Structure formats: structure tokens, C-alpha cells
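Notes follow once the structure below has been shown.
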Amino acid sequence: MLKLKELSDPCQGIPKGERCDSCSESPYWQGQQRPTPESSTAAGEAPEPCHIAPVTLEEELATAKKLYVQSRSAMLEMFSHARMGRAITVDKADTLVDDIRQSIARHPNAFISLVRLKNANEYTYMHCVAVCALMIAVAQQLELSPELVHQAGLAGLLHDVGKLAVSATLLNKPGKLTADEFAIIRQHPELGAQLLRTSVPVCELVLDVCLHHHEKVDGSGYPDQLAGEQISLFARIAAVCDVYDAVTSDRPYNEAWDPAIALQKMSEWKHHFDTVVFQAFVKSVGIYPVGSLVRLGSGLIGVVTEQVPGLLLAPKVKVFFSTHLNAYITPTIINISEHPQTEKIVERVLAKQYGFINTQALWHGDCAKL
Ligand SMILES: [Fe+2]
Ligand SMILES: [Fe+2]
């Protein structure tokens, strides 16, 4: 499987002649050293993005909530245009991707954690926004160029556009699907790629992600049963982001899994995901992503509120329950990285084990206005 150091062509699986112009012209595609910011500018290629100053989680959450609302309107408009057979407005999608990228640059946890809390009835289109944000984070973690980070975001935003051709009743059906119903849903990658090919001039990378985000590294995915590096890097990134957002979101037919438990389970699905991509994903969201419920060695239970850069096992945790007292306590934030001798996470906790409700509100405050 792909080793990060050997990454010379992030678009494996896409025939060179089919790549978008900017991609196929780039020396990076041809396996050469990625240019430094100075040489990129000198060569007339896109410059590195301006430095974006980091802000606190609280500050970015306020902006991220507005961005969430904007994303929802933009996606509703884009999806309804496509449903009526009108062209998807890629300009708007580009602007949205850029706004999301900037939010992640200001604070890596805010928007990604917030968009996971989407309502079940807005799952289909807000899932696309979530996958967009996660793909941007992973592409940045893999140190891809700004152009590729943008294309990754756009690919995430459009990856499930084929679901527009599937009835909402079927998409949101509670309970088990019949074999026929499942076969219809499995057509959405091909329907999406067809829609993109005929309606908008998008990069081949975006088309490829739309078509191949349900492929699995062991060749058991669909629609083409591609295996290993036959699947492009971006489709492999999409596969991880897609499944993570799906299982950690409330859907009409399933309750959300705790994010840390989801990652633990996904780490065992070696047949499904590229190991290096999965590791990059974990580095970007944390081993205990924001919103995870954990028990500390001291017997306190809390919800992860924020990652500490470079310390995957020591996030900030807002504790609210004592297992020793079997009682709620005044919520307090513990930065585990500042107490390595006395505090550490000893296990992931399921809310229903203790009957906790609405633990998510502990890290983001009131989300009722989303
Ligand atoms: Fe999909
Ligand atoms: Fe999806």
C-alpha cells in the first residue's frame, strides 16, 4: 500500500490524459519534487495561500456556525438546481470550499466538529459539506499543494451528487433495505459522474472521487471493484471521510456512533481503507475527536472539547461526571497535556452506558440555532 514518502503521483488510478489541465501540467503529477513556495511563484503557478492567523476554538465556533448556515443554503440551492436539470454552479461551490478551508486554517476542530452534528433530515446534503471539510483536512495533513487541497474539498462537496437521482423516500428509509433497493442506491456513484460530465466542467479528479468513493482496497467495493492503488489517492481519502461522517452522524435509519468508537472500529476494517490515508485522517481529527466521551484515570468522565496539536492522546476534556461519586459535577476543562503524571484517558465511553443525554452541547454550547 501507498507509503507517504513514495507519494509522487497523488492521482494514481486516473489516466494522465483524463486529468484536468492544471493537474496534468503540474510537475508534481510527473513525480518531481514539489516546488517550494518561492519557486511556485517564480514559475507562475498558484502561490501558497496567504497566512491565516489562528483563533481560539470559541472564536471560530461563532464563525463556523454562520458558515454552517451558509453551507446549508448553498447546498440546498445547488441540489435543487441539479434536481431541476439545471447546471450546478461550480463558482458557488468553489467559494464554499474556500470558506471552509479558511475556517479549518483558523482552527482545525471547529467547523469539522460542528458539521458532524447535522440533523438527520438534512443528512444527505450536509454530509457532502462534512466530507468536503474532512477531505481538506486530510489533504493538508498529507501536505498536498493548495490547488489539490481545493480540488479535494470540491470533490468532497460533490461526491454524492448522484443521490439526487435516488428518491428521498428510499434514501431516508428507516430499517433494512431490500436487495433491489440496495442495488438502486449503489447506482449513485455512476449517476453522479454522469451528471457532472454532462452538466459542469469539473476536474477529472472530482469526477473520479464521485465515481469511486465506494471502492475498497481489497477490491470488494463498487462500482468497478478497484483494488489498492488502482483506486486514486483522492478516492481513498474520500472513502475514509465518507464512512467516518456517515457513522458519526444521526441518519434517518441509524443513530450516530461516538467519534472515538467509530475510529476504533474503522481501524479494524483493513479491507476497506488505505492504511496511510487512515493514519493521516486520525492525525487530522485526533484519536479522540472532538465530541468523544472518555473516562480518565481519576474516574472522571468528560467530552473531548479540543485537540492539542501534536498530542493525539492528550486532548482537552470537559469533565462533568464522577464515577467515584456516581454523580454529576460542575463541568471543568482539563488539558491532559498539562497533567501527564496525574491524568490520562483510560477508555472510550458510550453515553447510553451511563444514561447521558445531550453531551455534545458541553463542547459547542447552544447549537439549536444551526
Ligand atoms: Fe456515496
Ligand atoms: Fe457519501
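Answer yes if at least one residue in region 250-270 is in contact with a helix residue (DSSP H, G or I) (Cβ under 8 Å, 6 or more places away or on another chain), within 13 Å of ligand 1 (Cβ to nearest atom) and either within 17 Å of ALA133 (Cα to Cα) or not assigned by TED's automatic domain parsing to the domain that holds ARG86 (or both), and no otherwise.
Within region 250-270 (the criterion being in contact with a helix residue (DSSP H, G or I) (Cβ under 8 Å, 6 or more places away or on another chain), within 13 Å of ligand 1 (Cβ to nearest atom) and either within 17 Å of ALA133 (Cα to Cα) or not assigned by TED's automatic domain parsing to the domain that holds ARG86 (or both)), the answer is no, since none of the residues qualifies.
Restricting the search to region 125-181, which residues are part of a helix (DSSP H, G or I), within 16 Å of ligand 1 (Cβ to nearest atom) and of a type in the set (Asp, Glu)?
GLU181, the sole residue that qualifies.
Test GLU347 against the stated conditions and say whether it is in a strand (DSSP E or B), modelled with pLDDT of 95 or more and not aliphatic (A, V, I, L, M).
yes
Of all residues in region 207-249 being among the aromatic types (Phe, Trp, Tyr) and over 12 Å from HIS272 (Cβ atoms), which is nearest to ligand 1 (Cβ to nearest atom)? Lay out the reasoning, then the answer.
Quick first cut of region 207-249, residues among the aromatic types (Phe, Trp, Tyr) only: 222, 234, 244.
Next, from what is left, pick out any that are over 12 Å from HIS272 (Cβ atoms): 222, 234.
Values: TYR222: 10, PHE234: 14 Å.
For region 207-249, the residue satisfying everything is TYR222.
On the given criteria, is SER298 within 19 Å of HIS213 (Cβ to Cβ), assigned to a loop (DSSP other than H, G, I, E, B) and among the small types (Gly, Ala, Ser)?
The answer is no for SER298.
Condition check ((1) in the same structural domain as HIS213 (by TED's automatic domain parsing); (2) at pLDDT 95 or above; (3) of a type in the set (Gly, Ala, Ser)) across all residues:
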| site | (1), (2), (3) |
| --- | --- |
| PRO54 | yes, no, no |
| SER71 | yes, yes, yes |
| MET84 | yes, no, no |
| ALA87 | yes, no, yes |
| ASP94 | yes, no, no |
| ASN109 | yes, no, no |
| ARG116 | yes, no, no |
| CYS128 | yes, yes, no |
| VAL131 | yes, yes, no |
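Pick from VAL308, VAL304, VAL285, VAL319: which is within 24 Å of ALA361 (Cα to Cα), buried (at least 23 other Cβ atoms within 10 Å of the Cβ) and over 15 Å from the mean Cα position of the chain (by Cα)?
Working: VAL308 fails: buried (at least 23 other Cβ atoms within 10 Å of the Cβ); VAL285 fails: over 15 Å from the mean Cα position of the chain (by Cα); VAL319 fails: buried (at least 23 other Cβ atoms within 10 Å of the Cβ).
Within the list VAL308, VAL304, VAL285, VAL319, the selection yields VAL304.
The values are calculated or read from the model by the stated rules, or taken from the named source; none is laboratory data. The model shown is predicted, which means the values in this text are computed figures rather than measured ones. Because the Cβ atoms are built from the backbone with ideal geometry, glycine has one as well, and the counts that use them run over all protein chains shown.
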